[in-house]
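Peer 1: Before I ask anything, here is the structure I am working with.
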Amino acid sequence: MKPSEANEVLDALEDESGNVKRAARQLSGEAADIFFHPPADTAEESAHNTGFQPSKIVKTLIFSAEHRHVAVLCPGDTSVSEPKLSNHVGSSVELASPEEVTDMTGYIVGGVAPFDLDIPVLADEQVMGRDEVKPSAGSRCAGVSLSPELLVEVTDAEVADISR
């Protein structure tokens, strides 16, 4: 990592370190590794900054659905099908605003981790087809490597067909 990238990581972590600790607490004792990379706001930037295939990166997206929210875990190389998600949850859905995301999860958009959430979690079935997945660890510059089975277990996610 170049010194300028290291400074970006340290600056981001200054504000987001509590969230990385939160993810690390939930993963303590599990077969998971936390890694750091230059800040990324999107799955594409994360893939570029880490060298990981976009299909292994897992986005955690928060949707509003009739008086409740749901977190959706989706591979970085695809997107959520709102009609499929609506059908699955039984109501219309829309992507939550950045303010709603922070209010509901404590995380910021670009660094939403699927860990320690007080809302239901759905994992797209494509996540399960990977040998290893890499969701955020609560920061735009921290991620986690773990098996999809462990991801579903520690997040208590329901697996469903909800991507395009």
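Peer 1: How many residues are surrounded by 13 or more Cβ atoms within 10 Å (Cβ to Cβ), at pLDDT below 90 and either in a helix (DSSP H, G or I) or within 13 Å of the chain's Cα centre (by Cα) (or both) if we restrict to the range 14-30?
Peer 2: Residues that pass the stated criteria total 2.
Peer 1: Related question: Criterion first (of a type in the set (Ser, Thr, Tyr), touching a helix residue (DSSP H, G or I) at 6+ places or on another chain (Cβ under 9 Å) and either surrounded by fewer than 23 Cβ atoms within 10 Å (Cβ to Cβ) or modelled with pLDDT under 95 (or both)) does Ser79 satisfy it?
Peer 2: no
Peer 1: Which of the residues spanning the range 128-158 are hydroxyl-bearing (Ser, Thr, Tyr) and surrounded by fewer than 22 Cβ atoms within 10 Å (Cβ to Cβ)?
Peer 2: Ser145, Ser147
Peer 1: Scan the range 122-139 and tell me whether some residue there is modelled with pLDDT under 95, basic (Lys, Arg) and touching a strand residue (DSSP E or B) at 6+ places or on another chain (Cβ under 8 Å).
Peer 2: Yes.
Peer 1: Among Asp103, Asp11, Asp33, which is exposed (fewer than 14 other Cβ atoms within 10 Å of the Cβ), touching a residue at least 40 places away in the same chain (Cβ under 8 Å) and of a type in the set (D, E, K, R)?
Peer 2: Just a single option satisfies the conditions, and that option is Asp33.
Peer 1: (1) within 14 Å of Ser145 (Cα to Cα); (2) surrounded by fewer than 18 Cβ atoms within 10 Å (Cβ to Cβ): which one isn't true of Arg68, the others all being true?
Peer 2: Just one mismatch for Arg68, condition (1).
The values are calculated or read from the model by the stated rules, or taken from the named source; none is laboratory data. Note that the structure is a prediction, hence the values are computed from the model and not measured. Neighbour counts are summed over all protein chains in view; Cβ atoms, including those assigned to glycine, are modelled from backbone coordinates with ideal geometry.
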